[in-house]
Amino acid sequence: MDDHDQGHVAEPAQSGGDLPGVAHAREVTAGLREAMDDVVRCVATLAARVRDAHAARIWLPLGHDSWASYCGAEFGISRAQAYRLLDVAYALAAIHGAVTAGTEVSRTRDTDPAAEAALDYGLSQRALLDVCARRGEVAQLIARRLTALTDHGQKPLDEPAVRAVVRQAVRDVRTTPPAPPACRSADPALAALRAVVDDLAASTHQIGELMLEVAPAYLSDTAAAHVLAPLCEEIGEPLDHGLAARRYALSGDRRALNGTVLLTVPPRRPAR
């Protein structure tokens, strides 16, 4: 971890006698690894509980009119954070569904959130957010690869094998640009305009990734605005564009750019 992330300056290395022993260093490293694994398991458990709560419309008996208002009142999180939780939950649910359909590993598990999260795949919240908009693609890729393994005699698959397949599929989708829409207009002018919009969206996604390095995903839009305002002013980018690009990089959903980077035109009213 970069020392600057914590606001501290690294101390110069001390001479031999002051350095921790190898055994102590390995012990500390093991503790860090365990803590990181705990964080990932917590993401899996939280995602399962969020999905179940949203599916049950749990906010209605408590007198809230929406998921966002429920999350704000009960947990003090922003609307954007509330819907990012849903993105994580449904991305993980799609992955878990593909695993359940393709293996015998998870068929013996309970449907309770903690039990379902036991096979947590080792995916971070950021990874799940990155593939949320393409979760169907991830699920299909996982299903194909699990089927290929079982067809070659590796059945039943153990948890490490399933986890490896899931992690590789998520990695492959994250690093592969989405395929263009199958139906393209025959109008050359419209096709050219669509290509320009696609290029703009791709470059905006890259800007969003840079914005996330400065204002990480755990920050709300309001907190991110305070962090990004000086950067956007320095590079001559409107703050609302920077925030939209950050949301696009988080969700992969191009609708995050509507009204800012991509201007929407209201539909024409029919002539009377």
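Each value in this text was obtained by applying a stated rule to the coordinates, not by laboratory testing. Only a predicted model underlies this, so the values are computations on that prediction, with no experimental measurement involved. Cβ atoms come from the backbone with ideal geometry, glycine included; neighbour counts cover every protein chain shown.
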- [ ] Order these peptides, 143-150, 82-89, by their mean beta-carbon neighbour count within 10 angstrom, highest first.
- [x] 82-89, 143-150
- [ ] Please give the contour-minus-distance gain from Val39 to Glu27: 0.36 nm per residue of separation, less the Cα-Cα distance, rounded to one decimal in nm.
- [x] 2.4 nm
Task: 9 Å beta-carbon shell around Tyr90, net charge (K/R +1, D/E -1) - done: +1
Open item on the list: If I take R0 = 25 Å and measure r between the Cβ atoms of Ala189 and Glu237 in this structure, what FRET efficiency does the formula 1/(1 + (r/R0)^6) give, to the nearest 0.05?
Closed with: 0.30
Task: Inter-site label distance for Ala101 and Asp172 at 7 Å from Cα along Cβ, in nm - done: 1.6 nm
Task: Label-point separation, Asp221 to Glu74 (7 Å along Cα→Cβ), nm - done: 2.2 nm
